[in-house]
Amino acid sequence: MRAIWKGAVSFGLVSIAVKLYSATQEKDIRFHQVHRADGGRIRYKRTCSVCGEEVSYDDIAKGYDLGGGEMVVLTDDDFADLPLTTSHAIDVLEFVPAEQVDPILYNKAYYLEPEGTATKPYVLLRDALVDAERVAIVKVALRQREQLATLRVREGVLVLNTMLWPDEVRSPEFGFLDEDITVRPPELAMASSLIDSMAGEFQPDAFTDDYRAALQEVIDAKVEGREVVAPEEVEEAPAAAVDLMAALRASVERARAARGEQPPAGEPTPISAARSAQQAGEQKAGEQKAPARKTAGKKTATSRAAPKKTAEKKAAEKKAEPAEKTAGKKTGARKAAPKKAPRKTA
């Protein structure tokens, strides 16, 4: 590693000479822009928008745009005259518990190495931080900018974590924060059970960048002139959850299965409970539809039975008609009987 900064940690009246090293490095695969036809690199020229001439690095300065086409030009001499009292020092301001520092403030990490005869005070500060279980809040000037930072211990080395200033952290202004959303106690208990079933110890080495590995495989295959065989993706079956509780229960069961744990004997599993709930919902929906069918059936039966009754009624009326006619004839005969011819007298 190459030191990128040299200075001293001011710890009360103690000064500890240190070298600063970048503690992290990005592993992203970087590409150049090239001409598709022949693979030639694409070069960019630094040209002035006013005169159109190409400008070298020595003639480039920093400009602050005032708007309206006005620009304030600042040179290296202007930055050198700024009153940065901590330009070559890391001033310790106070010592605070580590949990009081919000991780969102952390920016970049650097290792500190003691220089020359500063090893003993370096180790003294390191051990004191470990015993106190605190981190040091410091100010440091890096790359012509004063920054807030912390000093903490990692694997026996002092680590400088630069931080964002509080006004550089945005406030979360989202509409749902003003909504009155109630979480039921059973849902919260099930979510807590899911967290417990997925609890573990963080081991960074257990995680890998699969995308970077696949991209490197593509590059290696291009170099060797072979084809890349993409692994078949396993499609997960859609969850049969009916509601939030069923989804939580199914998640708990899957987490237990991943750990090789079995549910207690006789206890329904969350997924089976979810399926039972879904079947019960479907059965209930079917029952609600069934009365409509029965009613329709009754209406159909009634409509079918109506013609039969009408036919029977007509048949009865037809049978009744001859009887009435016959009775009418008899009645007429009886009425006609008194009409006899008058007897003649002598």
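For the subset of the range 32-58 comprising residues that are among the hydrophobic types (A, V, I, L, M, F, W, C) and surrounded by 10 or more Cβ atoms within 10 Å (Cβ to Cβ), which member is nearest to T150 (Cα to Cα)? Only one residue tops the list, namely V55.
Within the range 1-26, the set of residues being surrounded by fewer than 10 Cβ atoms within 10 Å (Cβ to Cβ) and within 37 Å of the chain's Cα centre (by Cα) comprises T24, Q25, E26. Taking the range 161-183, which residues are farther than 14 Å from N107 by Cβ, among the hydrophobic types (A, V, I, L, M, F, W, C) and not in a loop (DSSP other than H, G, I, E, B)? Within the range 161-183, F176, L177 meet the criteria.
Residues of the range 96-121 that are farther than 22 Å from K19 by Cα and either surrounded by 13 or more Cβ atoms within 10 Å (Cβ to Cβ) or of a type in the set (A, V, I, L, M, F, W, C) (or both): V96, A98, V101, I104, L105. Of all residues in the range 37-51, exactly one satisfies the criterion of being modelled with pLDDT of 90 or more and more than 47 Å from the chain's Cα centre (by Cα), namely C51.
Note on the range 135-146: among residues that are closer than 15 Å to V9 by Cβ and either small (G, A, S) or part of a strand (DSSP E or B) (or both), the one that is most open to solvent (accessible area, probe 1.4 Å) is K139. One residue stands out among those in the range 192-203 that are open to solvent by less than 80 Å² (accessible area, probe 1.4 Å) and part of a helix (DSSP H, G or I): the one that is farthest from A258 (Cα to Cα), which is S192.
Looking only at residues in the range 70-95 that are open to solvent by 80 Å² or more (accessible area, probe 1.4 Å) and not hydrophobic (A, V, I, L, M, F, W, C), the one that is nearest to R134 (Cα to Cα) is E94. Inclusion of I29 among residues that are open to solvent by less than 90 Å² (accessible area, probe 1.4 Å), assigned to a loop (DSSP other than H, G, I, E, B) and either of a type in the set (D, E, K, R) or in contact with a helix residue (DSSP H, G or I) (Cβ under 6 Å, 6 or more places away or on another chain) (or both) is warranted. Mind checking whether some residue in the range 206-213 is open to solvent by 40 Å² or more (accessible area, probe 1.4 Å) and hydroxyl-bearing (S, T, Y)? Yes, the range 206-213 contains a residue that is open to solvent by 40 Å² or more (accessible area, probe 1.4 Å) and hydroxyl-bearing (S, T, Y). So which residues in the range 161-186 are surrounded by 10 or more Cβ atoms within 10 Å (Cβ to Cβ) and either touching a His at 6+ places or on another chain (Cβ under 6 Å) or over 30 Å from E113 (Cα atoms) (or both)? Passing the criteria: V169, R184, P186.
From the list L124, L158, the one residue that fits, being surrounded by 10 or more Cβ atoms within 10 Å (Cβ to Cβ), in a strand (DSSP E or B) and more than 31 Å from the chain's Cα centre (by Cα), is L158.
Can you name every residue in the range 1-25 that is charged (D, E, K, R) and within 19 Å of E146 (Cβ to Cβ)? Of everything in the range 1-25, just one residue is charged (D, E, K, R) and within 19 Å of E146 (Cβ to Cβ), namely K6.
The values are calculated or read from the model by the stated rules, or taken from the named source; none is laboratory data. What you are looking at is a predicted structure, and each value in this text was computed from that prediction instead of being measured. In this analysis, Cβ positions are derived from the backbone assuming ideal geometry, glycine residues included, and neighbour counts consider all displayed protein chains. Please note that ligands, DNA and RNA were not included when accessible areas were found on the heavy atoms of the full protein model with its side chains. Shrake-Rupley method; radii C 1.70, N 1.55, O 1.52, S 1.80 Å.
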